[in-house]
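Student: Please read through the structure below; I'll follow up with questions.
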Amino acid sequence: MDSSEYERKTAARFASFDQDGNGYIDREDFSAAAAALLAEFGTTARCDRGQALYTGAEAFWQGMAGIADVDGDQRVSREEFVTGAVKRLGDSPQRFAEIARPFLRAVIAVAAEEDGSGVAPQAAARALRVLGVAEDTARDVATALDADGDGLISEEEILSAFARYYCTAAGPDGPAAPGTPAAPGA
Ligand SMILES: [Ca+2]
Ligand SMILES: [Ca+2]
Ligand SMILES: [Ca+2]
């Protein structure tokens with residue numbers, strides 16, 4: 001992958017966290033994402049699933065800050081994200097997935113089918129749209145998230161796609177193709 005491709009992917013990753021587009025990733029971005037997801041799925045903040053989503057969002061922010069907020073000002077600049085998060089997480093995609101797991105698990109609980117069997121691709125596309133992903137991309141990503149094609153997206157399918165998207169430094173595809181295996185040594 002050439003450097004402009006790498007920069008484009010990194011910018012897209014940063015933008016996916018900087019929900020309000022103010023140039024920094026901070027706690028507000030995570031709590032706003034949680035609030036938007038609850039609104040989309042008609043879940044209140046006070047119920048168990050709502051609380052879990054906020055708790056997961058806070059843990060995700062703390063984990064992100066622990067990795068990338070080098071100067072400790074409680075926000076992650078683009079430079080901190082590039083030098084801290086992307087490089088360090090590229091060595092350890094599983095670690096990032098673990099940081100994100102409580103949040104992703106809570107999103108799944110909010111978006112899942114009522115029998116708890118998993119998330120339908122349609123619901124996943126709604127969640128992605130709420131998080132700022134363009135409509136067409138959201139549909140494609142949601143479809144691809146169901147890696148085993150059983151019609152539902154499981155926690156493991158989401159976690160592995162997530163780790164690939166955020167932690168793979170090299171690879172020909174962006175978020176539109178999360179089924180792409182990570183390049184060896186990437
Ligand atoms: Ca922000
Ligand atoms: Ca900082
Ligand atoms: Ca599946």
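Student: Go through the stretch 102-115 and report how many residues are open to solvent by 40 Å² or more (accessible area, probe 1.4 Å) and within 15 Å of Tyr165 (Cβ to Cβ).
Tutor: Final tally of qualifying residues: 0.
Student: Right, here's the next one. Being more than 10 Å from ligand 1 (Cβ to nearest atom) and among the charged types (D, E, K, R) is the requirement here; does Arg27 meet it?
Tutor: On the way: more than 10 Å from ligand 1 (Cβ to nearest atom): no; among the charged types (D, E, K, R): yes.
So Arg27 fails the test.
Student: Spot the failing condition for Gly151; the list is (1) open to solvent by less than 50 Å² (accessible area, probe 1.4 Å); (2) under 17 Å from Phe17 (Cα atoms); (3) outside any helix (DSSP H, G or I), and only one is missed.
Tutor: Evaluating Gly151 over (1) open to solvent by less than 50 Å² (accessible area, probe 1.4 Å); (2) under 17 Å from Phe17 (Cα atoms); (3) outside any helix (DSSP H, G or I) leaves (2) as the failure.
Student: If you go through the stretch 55-64, how many residues are open to solvent by less than 80 Å² (accessible area, probe 1.4 Å) and either more than 16 Å from ligand 2 (Cβ to nearest atom) or without any contact (Cβ under 8 Å) to a residue 24 or more places away in the chain (or both)?
Tutor: Summing the residues that are open to solvent by less than 80 Å² (accessible area, probe 1.4 Å) and either more than 16 Å from ligand 2 (Cβ to nearest atom) or without any contact (Cβ under 8 Å) to a residue 24 or more places away in the chain (or both) in the stretch 55-64 gives 5.
Student: Can you name the residue in the stretch 91-101 that is over 16 Å from Ala34 (Cβ atoms) and not hydrophobic (A, V, I, L, M, F, W, C) and is also surrounded by the most Cβ atoms within 10 Å (Cβ to Cβ) among such residues?
Tutor: Pro93
The values are calculated or read from the model by the stated rules, or taken from the named source; none is laboratory data. Every value quoted in this text rests on a predicted model; they were computed, and no experiment measured them. All Cβ positions, glycine included, derive from the backbone under ideal geometry; neighbour counts span all protein chains shown. Side chains are part of the model used for accessible areas, which takes the heavy atoms of the whole protein and leaves out ligands, DNA and RNA. Shrake-Rupley method; radii C 1.70, N 1.55, O 1.52, S 1.80 Å.
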